[in-house]
Amino acid sequence: MKVTENSDNVWSVSAHGGVTVLLKICGNTGEHDGELVGLACGVLKNLVGVEEIRRFVVEEGAILEFVNLLRSKDEVIKVCSVDLLQAMAYGDESIRDMIIQGGGIRAIVRALDPRSSFSTKTREVAFRGIVNICCSSDKSLNLLINYGFMDHILYFLRYGEVPVQELALKAAFWLSGTSEEGKKVMGDAGFMPVSLNFLIQTHWKSGKWQPKHCLA
């Protein structure tokens, strides 16, 4: 994958039909193991930084194929496909909309369901993916509410491992800044006391919490 981080190598891969081969691997997951599909996603992530290649990938209808990868139970495929879709969506509102309309956000949110058995790493990637893909979409708030994203944030703020708790808190701050409606929904859901308790507990464990903080 590191080879394709160089722009000259990117064009070399493209000139030899490499992009098409990689798309076929991602579109036929039943024929390939998770590691190979994950590597293909990783290489494509580097390639789509070139606008012409990104356009080609979109024109080939690959966005829906990448969204389908999000539904895989293989965590390598799931993580790599989230990273790839973030790279595809970066700075492109139309691609963000395609991912959202294709069910991408719903598929990512499912990785945050506390009843699922996904690893901490997968949950971390899922939180980042949701924030990065939905960052400028006005349509995403209601979808996230309907998909239970708020409930998942609250759960992980209370019971998650520290890395996931921190990302859940960042997601909460991000949602509160999306709109007045976002702030209201979060207030009604009880985010404030849960967030404050997490911050207090974090500072207490680190030894930074002092009584004077309560007197300000």
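Computed from the coordinates by the stated procedures, all read-outs in this text should not be read as laboratory data. Predicted, not measured: the structure shown is a model, and the values here were computed from it. Neighbour counts are summed over all protein chains in view; Cβ atoms, including those assigned to glycine, are modelled from backbone coordinates with ideal geometry.
Would you calculate the separation in nanometres between label points at I200 and S117, each defined as 7 Å from the Cα along the Cα-to-beta-carbon direction?
So the two model labels end up 3.7 nm from each other.
Taking the number of other C-beta atoms within 10 Å as the exposure measure, put I200, I53 in order starting with the fewest.
Numbers: I200 13, I53 19.
Ascending number of Cβ neighbours within 10 Å: I200, I53.
Order of D113, D33 from fewest to most other C-beta atoms within 10 Å? Kindly include the intermediate steps, with their values, before the conclusion.
Working: D113 16, D33 11.
Listed from fewest to most nearby Cβ atoms, that is D33, D113.
Can you tell me how much longer the chain between Y159 and D92 gets when fully stretched, taken as 0.36 nm per residue apart minus their C-alpha distance, in nm with one decimal? Please list the in-between numbers first.
Details: separation 67, 0.36 × 67 = 24.12 nm, distance 3.49 nm.
Full extension from Y159 to D92 adds 20.6 nm.
Structure shown: which of K45/K183; K24/K45; K139/K170 lie over 26 Å apart, alpha-carbon to alpha-carbon? Numbers along the way, then the final one.
Numbers: K45/K183 34 Å; K24/K45 15 Å; K139/K170 20 Å.
Going by Cα-Cα distance, K45/K183 fall outside the 26 Å limit.
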